[in-house]
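The structure under discussion appears below in the form of structure tokens.
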Amino acid sequence: MRRNLILGAALSAVFVVAAAVSFFWTPFDHTALDIPNKLRTPYAAHLLGTDHFGRDILSMIMVGARTSIAVALVAVGIGMGLGVPLGLWAAARQGTLVDELIMRGNDLVFAFPSLVIAILITAIFGAGAINAIIAIGIFNIPVFARITRGAALSLWQREFIMAARVAGKNATRISVEHILPNVTNLLIVQGTIQFSLGILAEAGLSYVGLGAQPPTPSWGRMLADAQTLVSVAPHLALIPGFAIILTVLGLNLMGDGLRDYLDPRLRVSRA
């Protein structure tokens with residue numbers, strides 16, 4: 001458990017730090033063209049080589065990390081901000097029309113492939129990072145709503161909730177004061193998983209040209225630009241590909257480690 005958490009946090013921290021540093025420093029200007037040095041493999045001046053326009057790949061990876069993390073972070077925030085209250089509301093009104101409407105709405109969203117609908121949304125409203133955030137965020141809402149409702153339903157039958165009812169607290173106050181704190185650990189773990197899925201979704205949208213637009217670098221856009229040059233300069237595809245893999249792997253490992261660390265049953269068994 002501890003190895004997963006430490007390794008996942010370390011991998012994630014590398015890209016978070018790279019994204020943060022890119023706000024005030026990159027080895028080169030990521031928009032600067034250097035045609036004479038295009039398609040160079042890694043060497044002393046350009047540690048990860050250059051692309052087909054001579055741009056420094058390390059600088060583009062750093063700024064691309066900023067783009068991917070920002071899109072995924074805001075999208076997860078949208079999902080949590082709307083999905084968690086909906087899940088708490090549905091659990092508090094279990095068996096009523098409100099519960100049915102919320103859950104059937106979730107089922108409707110889950111009935112369609114998320115990436116396909118995200119592509120449809122960005123195709124209708126235009127390509128760009130903002131529309132990618134909205135598209136990814138929409139599909140995070142039912143995920144958090146369903147998880148919150150499922151966890152909350154078991155808590156509503158517990159003795160401390162009955163005591164709160166006897167004390168005169170209404171459903172809203174019980175949900176905020178007693179239910180939400182007890183499902184926070186689960187939401188944190190799910191948040192890390194959705195964060196990694198958000199990075200994959202952003203890369204997918206950018207790959208088909210519906211995510212962040214040039215000259216803003218994106219890992220998915222870098223893969224799309226490299227697809228016709230793999231035989232000539234394979235590093236153009238390998239480097240952003242490994243960046244996506246390592247970031248998602250780190251977040252998933254961190255999520256697994258957090259789940260084990262925050263689960264009280266596992267803490268008891270370890271003790």
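For the range 1-152, state the average projected area of the convex hull of the C-alpha atoms over all orientations, rounded to one decimal in nm².
If I average the Cα hull's projected area over directions, I get 12.8 nm².
Residues of the range 139-271: accessible area per residue at 1.4 Å, in Å²?
Value returned for the range 139-271: 48 Å² of accessible area per residue.
What stretch of the chain, leaving out the sites themselves, is the longest with no chymotrypsin sites (Phe, Trp or Tyr not before Pro) in a DSSP loop having at most 14 other Cβ atoms within 10 Å?
Maximal segment without exposed cleavage sites: 54-271.
Quote the FRET efficiency, to the nearest 0.05, computed for Trp25 versus Ala171 with a Förster distance R0 of 51 Å and r equal to the Cβ-Cβ distance.
Here the calculated transfer efficiency is 0.50.
Under 10 Å, Cα contacts only: if you run a Gaussian network model on the chain, which one of Leu33, Leu115, Leu246 comes out with the highest mean-square fluctuation?
The residue that fluctuates most here is Leu33.
Go ahead and set up a Gaussian network model of the chain, Cα springs under 10 Å, then flag whichever of Leu251, Leu200, Leu101 fluctuates most.
With Cα springs under 10 Å in the chain, the top fluctuation among Leu251, Leu200, Leu101 is at Leu101.
When only the heavy atoms of the protein chains count and the probe is 1.4 Å, how do Ile61, Ile138, Ile147 rank by accessible area, highest first?
Descending order: Ile138, Ile147, Ile61.
According to the square roots a ≥ b ≥ c of the eigenvalues of the Cα gyration tensor, what is the shape class of the range 31-77, taking rounded for a/c under 1.5, prolate for a/b larger than b/c otherwise, and oblate for the remainder?
prolate
Leaving ligands, DNA and RNA out of it, report the carbon-plus-sulfur percent of the accessible area of the chain at a 1.4 Å probe.
Here it works out to 69 percent.
Report His30's accessible area, 1.4 Å probe, all protein chains in place, as a number in Å² to the nearest 10.
In the full protein context, His30 sits at about 40 Å².
Grab the eigenvalues of the alpha-carbon gyration tensor for the range 19-104, scale each by 5, take roots, and send me the semi-axes largest first in whole angstrom.
Each semi-axis is the square root of five times an eigenvalue, giving 49, 12, 8 Å.
The range 1-66 to the range 206-245: how many Å between their Cα centroids?
Distance between centres, Cα-based: 13 Å.
Between Tyr261 and Leu7, what is 0.36 nm times their sequence separation minus the Cα-Cα distance? Round to one decimal in nm.
Roughly 90.0 nm would be gained on extension.
Return the label of the correct value of Cα Rg over 2.2 N^0.38 Å, as calculated from the structure shown, out of [x] 1.05; [y] 1.25; [z] 1.19.
[z]
Of all the C-alpha pairs in the range 170-214, what % are more than 14 Å from each other?
Beyond 14 Å sits 65 percent of the P(r) for the range 170-214.
I'd like the orientation of helix 57-92 relative to the chain: the angle between its Cα long axis and the longest Cα principal axis, in ° from 0 to 90, rounded to 10.
Orientation of helix 57-92: about 10 degrees from the principal axis.
Helix 235-262 sits at what angle to the longest principal axis of the chain, using alpha carbons and giving 0 to 90 degrees rounded to 10?
The helix 235-262 is inclined about 20 degrees to the chain.
Mean 1/r over all different Cα pairs, inverted: what Kirkwood radius does the range 139-263 give, in Å?
17.5 Å
The values are calculated or read from the model by the stated rules, or taken from the named source; none is laboratory data. No experiment lies behind these values; they were computed from the predicted model shown. Every residue, glycine among them, receives a Cβ derived from its backbone with ideal geometry; neighbour counts consider all protein chains shown. Heads up: the accessible areas ignore ligands, DNA and RNA and are worked out on the full protein's heavy atoms, side chains in. Shrake-Rupley method; radii C 1.70, N 1.55, O 1.52, S 1.80 Å.
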